[in-house]
Amino acid sequence: MFPCLHTFDEPHSEYLNSLSLSPDGILLVGCFHNLVKVWDLTTGNINHSFELHGDRYGHFNTLVNPDWKSIISNDSYGNLRTYDFWTGEEVFCFQGDSSALAFTPDGKVLFSATCKAPYGTNATIEINVIQSSTGQLLRTLLFANAYLPIRCLLASPDGSILVAQAFDLLTQVWDWQNGQVLSTFNALASNSSLHFPNCVCRHWLDAVATRPNGQIIAAVAQRDKPSEEMTVAIWDIQTTEFLYTLGISQREPDSGMPHNAMTPDGSLLAVGNINEIEVWDLENRQKLCVLYGHKSRIDNLTISLDGKTIVSYAFNDSIKVWHSNGSCRNH
């Protein structure tokens, strides 16, 4: 169903921060430690590339703005820097040390997670809501008490919900526009309704989608103790209701954090399973195919808006572009 269209296996000496596909599926952006590469997927050639200046020690949490006019990056000095997407020139810089970044779907608002006095009992974790075009602070959301910084921020495709998860897997769901907390739960708590009975699990949120009926769902990788079996579950993120679990995929216990990517409408899910990718039809809860070809662990996944293109990255290996041919057989 998804044969490999391109493999970019040139040496990547810098770790990848993010992968982004343009809305039309033509451009692929790889944001590395100090480098941005843009590929034209119609030819497989590099469209343009540029280095991120301003910090010789490297940039982190680099993201493409969904307006496709700029790129935001967090440097090691505690600054957020905005670069022109086409020229690579720095547009402006403002203070904002961040452990995680996310945009609203229209790119007008940037979310930046900060942690004061991290790794201690008096840690204060905040999510700054910022006007992306100017760097102006619009409001600050105070995250629930946590011992570790925020590992990921996820904005729902309709732009109404913000999900934040710390490295200790404490998770909070916000209506960010009015600052209202919709739910808070500890993804390690054995008595949570999101867990299977009589077991302790760990949950990693990787993707959020808005169903046609308005329901906002999350794709969650969960590892059960003590079996170490990894499953992928679908939750209603507003009610924290566990909806269903997809087929169990046995993974190595030390294979690192899992990676999922979901279409904005929640119809298709790509799951990184060590060095393979499982593609799931969520409408029918059916595994469509398994994509083979990487030699090392999948470290990043993204999927196009229409679900026809999947891009995967494996560290010290390659970036692979998979494109649907409409069939339903394994590759």
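Okay, here's what the table says:
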{"quantity": "Selection within the range 283-308 - more than 17 Å from residue 19 (Cα to Cα) and in contact (Cβ under 8 Å) with a residue 60 or more places away in the chain", "calculated": "288, 289, 291, 293"}
{"quantity": "Residue in the range 247-295 that is modelled with the lowest pLDDT, counting only those that are in a loop (DSSP other than H, G, I, E, B) and closer than 15 Å to residue 205 by Cβ", "calculated": "257"}
{"quantity": "Search result, residues across the range 21-73 that are assigned to a strand (DSSP E or B), over 26 Å from residue 106 (Cβ atoms) and among the acidic types (Asp, Glu)", "calculated": "51"}
{"quantity": "Unmet requirement for residue 77, which otherwise passes all of (1) closer than 18 Å to residue 92 by Cβ; (2) surrounded by 14 or more Cβ atoms within 10 Å (Cβ to Cβ); (3) at pLDDT below 95", "calculated": "(2)"}
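The values are calculated or read from the model by the stated rules, or taken from the named source; none is laboratory data. On a predicted model such as this, the values are computed, not experimentally measured, just so you know. Don't worry about glycine lacking a Cβ; one is built from the backbone with ideal geometry, like all the others, and counts go over all protein chains shown.
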